[in-house]
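For reference, the structure is listed below as structure tokens.
Derivation of every value follows stated rules applied to the coordinates shown; laboratory data play no part. This one's a predicted model, so the numbers in the text were calculated from it and none came from an experiment. Here the Cβ is made from the backbone with ideal geometry for all residues, glycine too, and neighbour counts use every protein chain on show.
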There are 2 protein chains.
Amino acid sequence: MKFDDKVPIYYQIKNYLYHEMMTGALEPGDKLPAVRQLAVDLTVNVNTVQRALGEMITEGTIESQRGKGNFVTMDKNRITQLKEQLIVEQLERVYNELHALNMTDEQIISSLKTYIAGRGQQHD
Amino acid sequence: MKFDDKVPIYYQIKNYLYHEMMTGALEPGDKLPAVRQLAVDLTVNVNTVQRALGEMITEGTIESQRGKGNFVTMDKNRITQLKEQLIVEQLERVYNELHALNMTDEQIISSLKTYIAGRGQQHD
DNA sequence: CCTAGTGTTATATTTTACTATTACACTATA
DNA sequence: TATAGTGTAATAGTAAAATATAACACTAGG
């Protein structure tokens, strides 16, 4: 996996797993890949994986069963809340960033529209 | 200044100065605060400031005059390009993030509208 | 010429993230 | 009960970022 060297790997692993949960690749109750397998898949050390999982366990996003594995929480509400939270965080960030660049609300919205519209050309 | 401990300080300093330039707080030809002053203002070490400035000098965003100070480039075109670049980077990021959360283009745009509309309530 | 203000550079130290490696604890199952 | 698969934890080492501190180089002005 490709990581941004400006932010801690364990933090990016958390985000990766969040997204797997948000998109349904990992559903409530699902068993995650074994920590050693995740380490191989992501080409990182087991301890780094463990650090990410440890935080998610503390948060209650995943549940650990020693000897069995790590499992996505059965609390679907939590997943929904998490998704909403991730979305708002992103919106908040762009808004603040673009607003700090002296753009008006209207300019922010229209620039996003333009960006998305102009996207079809060279991507996907 | 408050820093996000998930990303290097020198990198955040660069972004801070970029924004100062984008908003016009620092205009082309303007003299930046002395490195030691910046270090005090940002409550950071001189070397950390220097690392940020060093990269910006290499980029050509600012120009250094030994014994005199650091100055914003006179090349207004560069400032404009930089602003456009910063905007696109933000749009790209938000788009990719939200798209990865299974949102459609329309949902992304409308969620931003909703966010901005609902913003007036508790902020500014 | 001296001094204060500026950028630049270097050394040593601390802290944090990450890695490598090993060991331990628990579960399921053959 | 042995073994393979799982999570958990500790130790030691490396690398990068940031700090503290000091010195050097240049400029302007008295």
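Exactly one residue among B:Thr23, B:Thr48 is among the hydroxyl-bearing types (Ser, Thr, Tyr), within 12 Å of DNA strand D (Cβ to nearest atom) and either within 14 Å of chain A (Cβ to nearest Cβ) or in contact (Cβ under 8 Å) with a residue 12 or more places away in the chain (or both), and that residue is B:Thr48. Condition check for B:Met22 on (1) surrounded by fewer than 16 Cβ atoms within 10 Å (Cβ to Cβ); (2) more than 13 Å from DNA strand C (Cβ to nearest atom): one failure, at (1).
Filtering the range A:109-124 to residues that are outside any loop (DSSP other than H, G, I, E, B) and either at the interface with chain B (Cβ under 7 Å from one of its Cβ atoms) or of a type in the set (S, T, N, Q) (or both) leaves A:Ile109, A:Ser110, A:Ser111, A:Leu112, A:Lys113, A:Thr114, A:Tyr115, A:Ile116. Among all residues of the range A:87-99, there is at least one that is closer than 30 Å to B:Glu84 by Cα and surrounded by fewer than 12 Cβ atoms within 10 Å (Cβ to Cβ). Filtering B:Leu42, B:Leu86, B:Leu53, B:Leu82 for residues that are within 27 Å of B:Lys2 (Cα to Cα), within 12 Å of DNA strand D (Cβ to nearest atom) and hydrophobic (A, V, I, L, M, F, W, C) leaves a single hit, B:Leu42. Quick one: would you say B:Tyr10 is within 16 Å of DNA strand D (Cβ to nearest atom), under 30 Å from A:His19 (Cα atoms) and touching a helix residue (DSSP H, G or I) at 6+ places or on another chain (Cβ under 8 Å)? So B:Tyr10 fits the description; yes.
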